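Working notes, beginning with the structure itself.
The values are calculated or read from the model by the stated rules, or taken from the named source; none is laboratory data. Treat the numbers as computed from the prediction; the structure is a model and nothing was measured. Methodologically, a virtual Cβ is constructed for each residue, glycine included, from the backbone with ideal geometry; neighbour enumeration extends over all protein chains shown. These accessible areas exclude ligands, DNA and RNA; they are computed on the full protein's heavy atoms, side chains included. Shrake-Rupley method; radii C 1.70, N 1.55, O 1.52, S 1.80 Å.
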Amino acid sequence: MSVAGVAAGQGKLSLAPVIASGTVGAMLGNVAWYWAARALGTERFHRFVDRHGKWLTMDWAEVQRAERHFEHMGVFFVMIGRVVPTIRSLVSIPAGLLRMSFLPFLVASTIGTAAWTAILAFAGYQLQNNVAEVDKVIGPISNAVIVVLVVGYLWRLVRFRLRRGGD
């Protein structure tokens, strides 16, 4: 998106259509993942968690707790999750799996996706030929999120195994 923003800054593209097309493209993927997770369903996911929960670092009770939280905070989680690097790619899965109503999902996803797309495109637009400067900021943030996720996963894995007696 930042490269398209650069092209808009150079007059080769218009910024509004760049943001709109980026949002639409991302939303096509978001909606596909939502429906795929919804088609999987909680019954099949329950069997999967029972079989592979030690690697997911969760048991079915945790899924049920997440479902209760998602009922109250799902729209907020989806909207904010769309502007967090790495997380933004995964948000559709719990929304679909936990059967979040489609219209609120669509609205929250579109708002969050449009915001992130606009931030990246506008950054490229402002920096024009200095697109590497955008990556200098976004790249480390994305990497930090990935590190936090990996460390968090390893921490949960150790805690889960200790809690379950070292399965």
Inset, instruction - Please work out the FRET efficiency for the pair V24 and V150, using the Cβ-Cβ distance as r and a Förster radius of 30 Å; give the result to the nearest 0.05. - result: 0.40
Legend entry - Total charge dipole magnitude, region 1-156, about the Cα centre, Cβ charges on Lys, Arg, Asp, Glu only, Debye to nearest 20: 200 debye
Legend entry - Label-point separation in nm, L157 to L103, each point 7 Å along Cα→Cβ: 4.3 nm
Inset, instruction - Enter the Cα centre distance for the pair region 1-53 and region 62-139, rounded to the nearest angstrom. - result: 9 Å
Legend entry - Ranked by how many other beta carbons lie within 10 Å on average, peptides 14-27, 43-56 from highest: 14-27, 43-56
Legend entry - For the chain: accessible area per residue (Å², 1.4 Å): 60 Å²
Inset, instruction - With the full set of protein chains in place, find how many percent of the accessible area of region 1-77 is carbon and sulfur; take the probe as 1.4 Å. - result: 64 percent
Inset, instruction - Could you compute the FRET efficiency for S142 and D59, with r as their C-beta to C-beta distance and R0 at 41 Å, rounded to 0.05? - result: 0.85
Inset, instruction - Please work out the Cα convex hull volume for the chain and give it in Å³ per residue. - result: 104 Å³
